[in-house]
Structure formats: C-alpha cells, structure tokens
Amino acid sequence: MKKVIMVTIAAAILAASIGVANAQQRDVISIVGSSTVYPFATVVAERFGKAGSFKTPKIESTGTGGGFKLFCGGVGIQHPDMSNASRAIKASEFETCKLNGVTDIVEVKIGYDGIVVANAKKAPALKLTSKDIFLALAKEVPDPKGGENLVANPYKTWKDVNTSLPDVKIEVMGPPPTSGTRDAFLELAMEPGALKFESLKKLSKEDAKKFTKVFSSIREDGAYVEAGENDNLIVQKLAANPNALGIFGFSFLDQNADKIQGAFVDGNQPTFENIASGKYPLSRPLFFYVKKAHAGVIPGIKEYLAEFTSEKAWGKDGYLGEKGLIPLPDAERKQVADSVKAMKALTEVK
C-alpha cells in the first residue's frame with residue numbers, strides 16, 4: 001500500500017509540473033513552428049503514427065517566430081510540446097520562455113537547408129548576385145546618381161537592377177516577418193548585398209543599428225508580396241506566373257523540380273551538393289525545440305525524438321534526405337543524437 005501511495009504522489013507531482021491534473025489529459029504531441037521544417041516533421045510524424053504505439057503528432061505551420069511565441073507561452077497541456085525553427089532560438093525568445101516557466105529546453109539541430117530564389121521553369125533561369133537581390137528588394141538603396149544618400153527604391157525591373165537581367169517587373173513572393181526563412185534571408189542575402197556598397201560598409205561600422213535597419217527593411221510598394229506561411233501556395237503561383245519569383249526553403253524546390261527552378265546566387269546553384277558543402281551562400285541550419293518538462297508526461301515525445309534522430313530518418317541515406325533535408329556531418333549527427341537521448345537542456349543563448 002505504501003508503495004502504491006508513493007507512486008500516486010509521484011505521478012501527481014509530475015502532472016502538476018506541467019500544470020495538469022491528469023497526465024493523460026492530452027495524448028497527442030503538439031508541434032508548431034517553421035513552414036520549412038514542417039514537411040520534415042510531417043513525414044516523421046506520419047511514420048511514427050503508423051508504427052501504432054502512439055497517435056500521430058499534430059503539427060501546425062505557424063512560422064518560426066509565431067511558433068516560439070506559442071511554445072514560450074508556458075508549461076502545460078494548453079501549450080505546444082515542440083517548436084520547429086528555421087533558425088536558432090533568439091536570446092530574447094529564450095528569456096521569454098524562462099519568464100513563463102519554460103526553463104528546460106532541448107535544442108535539436110536536424111540538418112541544413114538552402115533558401116532559394118525560384119521561378120517557373122518556362123522562364124529563363126536567373127543568375128543573381130547578393131547585390132542584385134538587395135537592390136531589387138530593399139526599401140531604401142544608395143542613390144543611383146551617386147553619393148552616400150539613401151533614396152526610396154527606384155528600381156522597377158530586374159534590368160534596372162542589372163543590365164544582364166531580364167526586362168521584367170520585379171515581383172517577388174516571400175515570407176512574412178514572423179518567418180525564420182525571412183530572418184535567414186535578411187542575414188544571408190540582404191546583408192551581404194548591402195555590404196557590396198562602400199557607403200553601407202562604412203555605415204555598418206559607424207552605426208550598426210542604422211545599417212541593420214537598411215538591409216532588413218523590405219520595400220512596400222508591391223514589388224515584394226508577403227505570401228504567408230504556405231510555401232506550397234508560392235510554388236503554385238510561380239507555375240502560373242513566369243515573371244514572378246518566390247523565396248522559400250530548398251525542400252520545396254526539390255519536391256517541385258518539374259515546375260520551378262532555383263536561381264544561381266553569386267555563381268552557385270541551390271543543389272543538395274552545394275548546400276551540403278557550403279558553396280551555396282544562402283544555406284542555414286534547421287532546428288526544433290522540446291520542452292523537457294513535457295517529455296515522459298505527454299505520451300510518445302521521447303519515442304518521436306528517437307525516430308527523428310535515427311539514421312533511417314536523418315542519416316545520409318535516410319528518408320528525410322529524399323524530402324530535401326541536407327544531413328549533418330556524421331560526427332555532429334552523433335553528438336546531437338547523444339544530447340537528445342540525454343535530454344540535455346540549453347543553458348544559454350547568445
């Protein structure tokens with residue numbers, strides 16, 4: 001009887017630790033976050049659910065920023081267990097989590113992805129530079145007439161940006177500010193493009209805050225259209241409009257290679273090999289984050305993690321590679337898998 005009482009008390013404490021009266025009140029894993037990681041998480045979830053021991057996890061594509069908002073809202077069954085992310089968690093988000101009682105977070109780096117600038121296959125493949133991308137999409141650019149003044153973006157066509165490019169209107173569909181793809185695009189494409197100008201390189205050293213505003217402010221005159229978190233919708237619109245370009249993760253290009261093509265960026269195509277080797281400049285790591293407090297309480301979390309970090313899933317010949325995920329190097333993959341198995345929580349975020 002004493003043993004039964006102790007087990008009952010332990011179960012009650014465990015349930016209370018995630019703010020529920022009954023640990024079985026929710027028996028489905030709840031995952032939110034990145035639209036880029038969504039296809040990979042969905043494949044794992046479907047295979048995991050078909051195995052029969054646990055229900056298929058529920059996954060919502062909310063964008064990386066939106067996912068962290070939900071994830072960091074608190075501990076308990078009303079809050080998600082995991083958040084997919086196409087960038088690492090920010091220090092500010094980590095602090096928000098801690099303030100709301102989400103103190104033990106396990107970071108899982110799953111592989112690499114490339115951000116592509118794509119168009120329909122019926123149109124010519126573009127050869128862009130980071131400078132071209134900046135000039136096409138920045139809200140303000142250096143005055144074409146010379147000097148160090150910034151002016152409202154005057155460029156209407158790609159040919160205006162670079163005479164070697166087509167004489168078609170600049171029309172780009174891309175992610176909203178809540179998206180990790182947008183954050184990574186600003187860092188990997190817009191910032192290097194801005195630094196091609198001596199005046200902006202000088203500004204980056206003299207006033208980093210102002211420089212950041214310059215490269216991260218996207219024009220609002222219709223040349224750039226926020227397409228939400230549905231990358232499949234962008235693909236469909238590109239197929240219908242040969243003059244438009246879209247910005248999204250490599251996996252969507254890989255899955256729709258019969259309809260769309262990725263532009264060269266600074267001389268390199270967005271291919272599996274170029275992203276894996278680091279040659280393609282718009283490459284970034286992908287992650288998901290787990291609440292340690294929910295593991296062992298919400299059924300299947302540890303088992304889902306084991307499936308995702310298994311060689312049959314994320315390994316060099318794993319089924320996620322077929323979906324466009326670029327695997328981590330062998331040694332790093334082992335290190336992450338060991339860390340996940342031990343449920344090692346993040347201690348700090350820079």
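Every number here is computed from the coordinates shown, using simple stated rules; none is lab data. Quick caveat: nothing in here was measured; it's all calculated off a predicted structure. Cβ coordinates were reconstructed from backbone atoms using ideal geometry, including for glycine residues, and neighbour counts include every protein chain displayed.
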Above-threshold pairs, the threshold being 25 Å between Cα atoms, out of Lys213/Lys237; Lys55/Lys90; Lys145/Lys213; Lys127/Lys169; Lys69/Lys213; Lys50/Lys98: Lys213/Lys237; Lys55/Lys90; Lys50/Lys98
Karplus-derived 3J(HN,Hα), 6.51/-1.76/1.60, for each residue of region 184-191, Hz, glycine and proline x: 5, 4, 4, 6, 8, 10, 5, 5
Relative contact order of region 114-284, pairs being alpha-carbon contacts under 8 Å that are 6 or more residues apart, as %: 40
Amide H contacts under 5 Å for Ile110, placed H, 5+ residues apart: Leu286, Phe287, Phe288
Residue order, fewest to most surrounding Cβ atoms within 10 angstrom, among Glu307, Glu95: Glu95, Glu307
Low-density loop cleavage sites - chymotrypsin sites (Phe, Trp or Tyr not before Pro) in region 205-272, where at most 12 other Cβ are within 10 Å (DSSP): none
Those aspartates and glutamates that a straight Cα-Cα span of less than 14 Å connects to Lys58, excepting residues fewer than 8 apart in one chain: Asp27, Glu46, Asp81
Amide H within-cut-off set for Lys139, under 5 Å, with H built and near neighbours excluded: Ser217, Ile218, Arg219
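Would you mind ranking His294, His79 so that the residue whose beta carbon has the fewest other beta carbons within 10 Å leads the list?
Result, fewest neighbours first: His79, His294.
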Under-5 Å amide H pairs with Gly33, H placed in peptide plane, nonlocal only: Glu60, Thr62, Gly63, Gly67, Asn84
Neighbour-count order for Ser310, Ser179, Ser92, Ser251, fewest beta carbons within 10 angstrom listed first: Ser92, Ser310, Ser251, Ser179
Integer Hz, Karplus 6.51/-1.76/1.60 couplings in order for region 58-70, x for Gly and Pro: 8, 10, 10, 8, 10, x, 4, x, x, x, 5, 4, 5
